Structures are given as structure tokens and as C-alpha cells.
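The values are calculated or read from the model by the stated rules, or taken from the named source; none is laboratory data. Please read all numbers here as calculations on a predicted model, not as lab measurements. Neighbour counts are summed over all protein chains in view; Cβ atoms, including those assigned to glycine, are modelled from backbone coordinates with ideal geometry. Ligands, DNA and RNA are excluded from the accessible area calculation, which covers all protein heavy atoms including side chains. Shrake-Rupley method; radii C 1.70, N 1.55, O 1.52, S 1.80 Å.
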Amino acid sequence: MPDRTPQQPEPFWRDHLTLPQYPSLQEDLEVDVAIVGGGITGITTAFLLAESGVKVALIDASRLMNGTTGHTTAKMTVQHDLIYDELIGNLGEEHAKLYYQANNEAVEWMKAFIQKEQISCDFSERSATLYATTDQYAKKIEKEAKAYDKLGIPYKLENKLEMNLGELNAVTIPNQGQYHPIRYLLTMLRDIEANGGEIFEQTAAVDIEDDAQPTVVTRDGQKIRCERVVIATHFPFYDGLGFYFTRMYAERSYVLAVKSKSPYNGGMFLKVDSPSRSLRDVTINDEQYVLIGGESHKTGQGIDTRKHYEALETFAREKLGVADYPYRWSAQDLTTLDKVPYIGHLTESHPRVLVATGFRKWGMTHSTVAGHLLHDLILEKQNPYEELYSPSRFRPDPSIRRFLSTNADVAGHLLKGKLELPVSQPENLKYDEGRPVAVNGRRAGGYRDHDGKLHVVDTTCTHMGCEVEWNAGDRTWDCPCHGSRFHYDGSVVEGPAKKPLKLLNQELKNSSES
Ligand code: FES
């Protein structure tokens with residue numbers, strides 16, 4: 001049994017593996033394509049390009065596969081929640097069909113790759129099921145099934161599942177899959193190097209100089225000169241006046257790995273009404289466990305994040321009768337205005353810089369879609385999905401409505417945080433307690449760690465000045481505006497912010513001495 005308790009938010013995927021380590025970049029480099037971001041998107045893109053004879057360098061700010069890729073539930077499916085009826089309504093049947101085709105090809109490509117390379121990544125073919133427990137959402141499931149009909153997606157609509165999940169109805173797509181994402185990617189990493197690619201960890205890109213030749217600049221001052229740059233950093237680390245922070249919003253969600261008392265029949269499930277619940281099984285130390293996910297909310301907003309894990313525990317107990325839950329973790333996902341990712345040229349004025357972002361929660365297939373599309377764009381090959389995913393697309397409705405509400409929400413948070421002056425004082429914080437505190441009559445953020453050390457930061461987000469909120473589940477400061485996250489010591493966990501929160505420990509010391 002792994003030595004984990006629910007108090008430690010660590011995903012299962014990385015825990016039991018010895019992962020390869022790569023050096024940090026120590027000198028300037030010249031390659032054909034620099035790929036920034038070592039998650040599944042960056043690795044897949046680097047793999048495909050290297051296989052085609054392109055000289056690539058793949059860099060990551062910390063360790064590879066440690067962002068959203070390492071915190072996924074790893075469902076390999078075209079069933080991306082309720083989406084196809086909405087896509088037909090908003091974008092038209094042709095675009096909805098392209099979306100399905102792109103992801104279906106991704107599922108088939110991944111299966112064939114696993115088969116061809118004989119990768120032992122716990123792949124198993126599974127059906128994917130959406131189920132509803134309310135009348136309102138049962139009707140939506142019926143509409144989704146009608147959309148499947150229009151798009152030629154095979155499915156089964158039923159009123160009763162083998163597992164009793166309280167469903168009124170459910171729609172199932174056969175022949176999807178689940179797997180272990182890190183084991184899968186290790187094969188690609190090996191092949192990137194075998195094909196002459198270079199890989200660097202602890203190498204943070206901070207800027208792109210897009211002059212005569214695009215150049216990635218690292219935090220330590222090294223430069224990677226290249227013909228093309230791929231940004232695969234989840235939130236793009238470089239915006240190029242694409243205003244991505246106004247066109248996406250960030251959500252957090254939570255996962256528990258549980259040892260079920262009741263047998264689990266092995267399907268992949270997603271409850272579509274609120275609160276959403278995602279289920280799939282996974283093998284840990286030769287025993288079957290169930291991954292239960294859900295409790296999505298906008299980053300930096302909502303209840304004490306520990307309550308989300310408690311809600312998942314309650315669900316697990318009620319539906320599965322839980323004996324043990326050795327792992328828990330959370331993930332961050334980005335959603336675009338029309339729910340279709342941005343994959344392609346960053347902006348029209350930066351065509352040599354390419355980006356892939358905004359996968360909603362469906363990065364396992366979209367990373368493969370992105371890898372192939374970026375590969376084709378870089379090698380100037382035709383790709384049928386270029387227009388669908390183009391970041392420069394303009395689809396007026398519902399994009400404009402969502403754009404306005406997303407940004408009005410930001411304005412509200414900007415104002416609200418500035419007006420609030422906390423009553424708590426930093427010195428009153430208990431061990432492992434974090435919260436907004438007052439320092440010199442201003443709002444600050446305090447956390448007392450397990451050793452009793454106090455960490456006090458300025459709660460003004462270094463991206464655009466919103467006030468960050470405490471995330472007790474992950475011990476981070478999260479920004480409600482565009483989803484930046486900071487460790488309790490102020491360092492950046494996740495962008496768009498690039499700079500750490502200002503440390504106020506000295507100010508606190510001065511004020512207590514005066
Ligand atoms: Fe934009 Fe914080 S992430 S203001």
C-alpha cells in the first residue's frame with residue numbers, strides 16, 4: 001500500500017515511477033523548433049516533429065509531466081461531457097462533425113501507437129457514459145443522443161446502468177479507452193532523444209523575441225534561436241497581444257483514488273448534472289481502485305477547497321462503500337469562449353509562434369489533435385482541422401456574450417478584493433492555517449507552515465492586480481480573475497502571472513518592531 005494519506009494532495013500517476021531526469025539548459029542553442037512546456041501536448045508535438053526529421057528542443061520550467069498532464073483522470077474519449085448538441089447549435093453541424101472527427105482520429109491514433117510500440121501503460125478499452133440524475137439533464141442527454149445521430153457517432157441510450165448511480169438515463173459511446181498517461185509519454189520521450197531531439201528541465205522560458213529569427217529567452221538568460229516556437233505551457237507564457245487572458249477562464253477540479261468495497265464494472269462515467277462526478281477504475285499495486293473526480297469551480301472562487309474533497313468522499317461512500325482512499329489531487333483546466341481549444345498560430349502578427357491551449361477537461365485527445373495539427377502547420381502541410389481550432393477565429397455568438405460575462409466577472413473581483421480589509425492578524429494564524437490578514441492597514445496573505453514559520457505575501461496578483469484568495473486544499477494563493485496560482489511563499493505555480501507575489505515578511509517585522 002502506498003504511503004499516502006488524504007492530507008497530502010499528490011496524484012497517483014507519478015508516485016510509483018522512477019522518472020528520467022533531464023539537465024537544465026546551460027548555453028544558447030539553435031534548433032528548428034523550440035517547444036515550451038513538457039506536458040502531453042509539448043511531448044506529443046516534439047515526438048511527431050522529431051520523427052519527421054525536425055530538430056527540436058523541448059523545455060519545461062520545472063519537471064516534465066508535472067502540470068495538468070500529471071493530474072488528469074486520463075480518459076481517452078470523444079465524449080467530452082455534453083458538447084455536440086451545443087456545438088451544432090453554436091458553430092453548425094460541419095464544425096461539430098470536424099470536432100468529433102479530430103478527436104476520434106486522436107483516440108484511434110493513440111490506440112495504434114500503444115499497440116505498435118507495445119507500451120505497457122495500463123491501456124484498456126472502455127465505454128464512456130454520460131448519465132443524468134435530474135429530469136432537466138435527462139432531456140439534455142436525449143438531445144445529445146440526437147446530436148450523435150446527426151454526426152454519425154455510435155451510441156447506446158438507456159434508462160438503467162449496470163452500476164446503480166441514481167441515473168434517470170445515460171448515453172454510452174463504445175470502444176473508448178483509459179490509460180496511464182506518464183507511462184505512455186515515457187516512450188515518446190525516449191523516441192524524441194533517439195531522433196536527435198534535446199530535452200531540458202528546470203528551464204523556464206520568460207519571453208520570445210520574435211525578430212529576424214524567433215528566439216526563446218530563459219529566466220537564466222540563455223537563448224534558443226529557432227524557426228518556430230510552440231507554446232504548450234497550459235496558459236500561454238507569452239501572449240503576443242493575443243489577449244488570451246480575456247478569452248479563457250480557469251477552473252479547478254478534484255480527484256480521489258478510492259478502494260471500493262463494491263465491485264466496479266470498469267466503465268468510464270460522467271454525471272452531467274450538478275454536482276458533476278467522473279468515474280473510472282485504475283490498478284494500483286495489482287488492486288482495483290476507482291478515480292472519482294468532480295467539484296469544478298472557477299479558480300480562486302467558491303468554498304474552502306477542502307470541502308470539495310469531502311464532497312467526493314461522501315459520494316464515494318454512498319455509491320461505492322469506500323474502504324480506503326490513498327490519493328487525492330486537484331487540477332486546473334482552461335476553457336475558451338466557444339469551448340473549442342485554441343490550436344495554431346498565436347496571432348496573425350506572430351505566425352512563427354504557435355500555441356495549443358484551452359482544452360477544457362479533455363486534454364488526452366486534444367493534445368494528440370494539437371500535436372498533429374501543429375506538426376502539419378510547421379511543415380506547411382494541409383490539415384482539415386486548421387480553421388476549426390484557429391486561435392484567430394471569430395465566431396460572434398456565443399463568444400461575445402461569454403467574453404463580456406467573463407471580463408465583467410474579472411472587474412467585479414478586481415473591485416471586491418480591494419475593498420476588503422481582513423480582521424485577522426498574521427501572528428494569530430495557527431499551524432497549517434492560511435487566510436487574508438491585515439498588515440499595516442492593508443490586505444495581505446498569511447500562512448503558518450508545519451514548522452511554525454510565517455509566510456506573508458502581498459495578495460495583489462502580479463498579472464493584472466486582482467486580489468488572490470487562499471486555497472486551503474493545495475496551500476496556494478489563487479487568482480479569481482484569470483487563474484494564476486502562487487505557492488504560499490509567493491512563487492508562481494501557474495500563469496498567466498510571471499512574477500512572484502511580493503513577500504511582506506520584512507514589512508511585518510518592521511511593523512512589529514515599531
Ligand atoms: Fe490575471 Fe490575476 S491572473 S489578475
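What does the accessible area per residue of the chain come to in Å², with a 1.4 Å probe and no ligands, DNA or RNA counted?
Spelled out: the 1.4 Å probe surface of the chain, per residue, equals 41 Å².
Proximity of backbone amide H atoms, modeled 1.01 Å from N, is registered between Lys502 and Asp458 at under 5 Å, excluding neighbours fewer than 5 places apart on the same chain. Mind running the shape call on segment 113-221? Use the C-alpha gyration tensor, a ≥ b ≥ c as the square roots of the eigenvalues: rounded below 1.5 for a/c, prolate if a/b tops b/c, oblate otherwise. Because a/c hits 1.5 or more and a/b exceeds b/c, segment 113-221 counts as prolate. Using the Cβ atoms and a cut-off under 11 Å, what net charge is assigned to the surroundings of Leu19, where Lys and Arg are +1 and Asp and Glu are -1? Cβ neighbours under 11 Å give a net charge of +1. Each part reduced to its alpha carbon centroid, segment 122-199 and segment 240-308 end up 14 Å apart. Using a cutoff of 8 angstrom between alpha carbon atoms and counting only pairs six or more residues apart, the relative contact order for segment 115-273 works out to 29 percent.
Counting charges near Ile43 (Lys, Arg +1; Asp, Glu -1) among other residues having Cβ under 15 Å from its Cβ returns a value of -3. Rounded, prolate or oblate: which one fits the chain, using the alpha carbon gyration tensor with axes a ≥ b ≥ c (rounded when a/c is under 1.5, else prolate when a/b beats b/c, else oblate)? It is rounded, given that a/c, with a ≥ b ≥ c, falls under 1.5. Across segment 106-116, computed HN-Hα scalar couplings (Karplus, 6.51 cos²θ - 1.76 cosθ + 1.60, θ = phi - 60°) run 5, 4, 5, 5, 5, 4, 5, 5, 4, 5, 5 Hz from first to last residue, x flagging Gly and Pro.
Across the chain, the mean sequence separation of Cα contacts (distance under 8 Å, 6 or more residues apart), normalised by length, yields a relative contact order of 17 percent. Compute the Cα gyration tensor for segment 30-148, then decide on rounded, prolate or oblate, letting a ≥ b ≥ c be the square roots of its eigenvalues: rounded whenever a/c is under 1.5, prolate when a/b is larger than b/c in the other cases, and oblate in all that remain. It is prolate, given that a/c is not under 1.5 and a/b is the larger ratio. Fully extending the segment from Asp122 to Glu10 would add 38.3 nm, taking 0.36 nm per residue of separation and subtracting the current Cα-Cα distance.
The Rg/Rh ratio for segment 219-263 is 1.25, where Rg is the radius of gyration of the alpha carbons and Rh is the Kirkwood radius.
The distance between label points at Tyr431 and Asp207 comes to 4.5 nm (points 7 Å beyond Cα on the Cα→Cβ vector).
Close amide H partners of Cys461, meaning residues 5 or more places away or on another chain with modelled amide H under 5 Å apart, are Cys466, Glu467, Val468.
What does the charge add up to near Thr218, with Lys and Arg as +1, Asp and Glu as -1, over the other residues with Cβ less than 10 Å from its Cβ?
Cβ neighbours under 10 Å give a net charge of -1.
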